1. Distance cut-off 32 Å, Cα to Cα: go down the list Lys364/Lys428; Lys373/Lys430; Lys100/Lys293; Lys87/Lys293; Lys82/Lys114; Lys109/Lys293 and report the pairs above it.
2. Quick one: Karplus J couplings for region 127-141, per residue in order, coefficients 6.51, -1.76, 1.60, θ = phi - 60°, nearest Hz, x for Gly and Pro?
3. Suppose accessible area is computed on protein heavy atoms with a 1.4 Å probe; arrange Tyr466, Tyr280 from highest to lowest.
4. At a probe radius of 1.4 Å, what is the per-residue accessible area of Phe273, in Å² to the nearest 10?
5. Quick one: accessible surface of Glu337, probe radius 1.4 Å, all protein chains present, in square angstrom to the nearest 10.
6. Given a Förster distance of 45 angstrom, what is the FRET efficiency for Val391 paired with Thr152, based on the Cβ-Cβ distance and rounded to 0.05?
7. Taking R0 as 56 Å, what's the FRET efficiency between Asp398 and Asp332 from their Cβ-Cβ distance, rounded to 0.05?
8. What order do Arg384, Arg489 take when sorted by accessible area (1.4 Å probe), most exposed first?
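The values are calculated or read from the model by the stated rules, or taken from the named source; none is laboratory data. Remember, it's a predicted structure, so these values are computed and weren't measured experimentally. Cβ placement follows ideal geometry from the backbone for every residue including glycine, while neighbour counts extend to all protein chains displayed. Calculation scope for accessible area: heavy atoms of the full protein, side chains included, ligands and nucleic acids excluded. Shrake-Rupley method; radii C 1.70, N 1.55, O 1.52, S 1.80 Å.
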Amino acid sequence: MDSMMRELARVVYDPIAPINAFNAVPRFGHTSNITSIFAAGDGDGEELDSAALLDYIQGTVFVGGFCLASFIVWLLVLAICKCLGDKAGICAGRPFVEDKSQTAVPSRKPTIFKILMMVSSAIIVFNGLLFMFKGAYSVDNAFQDIDDATNTFMDVAGEIVKAADDTIAFGSDTVPLKEDIVVLIDDGICNMSGGGNGGGGSTIEADFNAQASAVVEKLNELQNFSKGSLVDLRDIFSADFDNLINMINKNIGTTETWVRPVFVAGPVVACGFILLIGSYLAWNGPYIEMYFKIQTWVILPLFSILFIVVGIAISAVGTVLVVNSDICLGGDTRTPEGFITAILTSQQGIGENTMEAMNYYVLKGCESEFSLKNEVDDLLDNLRQVNDMLVDINISLDVDQETIENICGSAEGSLDSAKGSLIEAESKFKDFVSIADNASRAVECERINSIFIDIFHDALCTNGPYSLMWIFATMMPVFGLGMLMILCRGALLPSDVIGEQESQRSHREDDGLYNYDGDQGFYNDEIHPPTNNDTPVRDLSRGSRSVPQESFRVNPSPSQESVHGNSGSKDEPSIQIIDHEENHTETSSQITTSVNEPEIL
């Protein structure tokens, strides 16, 4: 069992893909050695080399710098497109204009862009859900694992401190007991019985005195130990190791604050879903005016702010991944143990016992020696020996009490008092053995080393990076597609339609819902009665809006052919202008139209 635990303790860290990838990001000539920032410390982790810290930070800004550069370029393109106006089309917030006349060549561009907006919205929703149910959950588990491991170590350290304190206290309590036993048995068994040294050098007397001398010698060793090695062992776990765990908890707490942007997931899913519906309606759905107003003036501005927050979150998570990779591939060995070794080596004021403990429990995985632990084991062995000696003495007294009293010339029952004291001493030392055994088991290497494996190898350098990678991988598409959708926001609006084809006209005339306005489209009297100076209105066609001209009807006349075929005729067609308040007839040879295009700012 012990060999199996030692094999478990000698786990060699194998870096995972996210660690290798983020450790290899460009540093632009700056250091990737995170341990260099501790070079000026005094051992408490508070003082840092400011110059080395600045140099290291500058080497970790690649991900954040990339996001910032992308955002600046996007802003410039957005501003240029806005200045170009109609020339930039959908990039300036203008909807597509589709010419559906018989002579027009159909364009697939509006359909392609609107489907692209739908796919982008769907990807944003999918990634938001992944972030919510996978990324955030994995991050919670990773930090919970670290928290559990550090709490376990604090419990173990507390057990070691308590066991050491109990052993020290009990050792101090045994001093009077030891002195009583020495007084009781040091001068020989006959003095114990009150008969002087008149045993005549019998074998029973000699054996008993030899046993008593061995007990006194062991008690002296125990007294000296309780004042030395246990105090040092207690201080290591109550101070040095405790400071290390507190430093880990402090840094993990700060990291947890920056990499838990769970509050972003809900708005991402909500905005993505609304834009998904809007892009479908713009492509192949009915026109809902209020929906597109809300999308234009509420959802898109909120989504713009949201994707900026996502960009900041990506920068923070990317930077944390870079720092995390430097920790997990630290030092000369490029392992978590190498990182700890480099920090300890660079610090001043690290005690010899503390360094030996770190080597034994953490850095060398129980393959070295720890002198204080060896002394605890020696203590336990000595206590067991003393306890066994006291048991033997009490057995001898119990069996040979009458014989000894006769040899020493003592009265019957004269050894009862000494026998009672030795029985009490045996009971005390049995408790002492139990306390020392607890201390010995508390400082077992495999137990403590497995906690550091859980913290560094598993939580900090495996589960944590995978969880952060989930956040990074799910939010990066949101950031990129968010820039695309806002830049091409005009594709989220239904297209303006001019010059619809004959088949569409016939269909609409057959419906009885629209009046035909020649080649320029239709109007619906109930939805939007035409006026002499009208603005574009939406019809009930899918994914588009008609652009009505000033409503008119051509009266048939014998000279109508001249309009279409004989341009030199002086005859002009009679044009009836439709006015819903008062119908009247006017003659005109030219009709002009003004169309005001709505746009997204």
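1. Lys364/Lys428, as the Cα separations exceed 32 Å there.
2. Taking θ as phi minus 60°, the curve returns 5, x, 5, 4, 4, 5, 9, 10, x, 5, 5, 5, 5, 4, 5 Hz for region 127-141.
3. Solvent-accessible surface, decreasing: Tyr466, Tyr280.
4. About 110 Å², ignoring ligands and nucleic acids.
5. 30 Å²
6. Step by step, r from the Cβ atoms, then E = 0.75.
7. That pair, Asp398 with Asp332, gives E of 0.30.
8. I get Arg384, Arg489, largest accessible area first.
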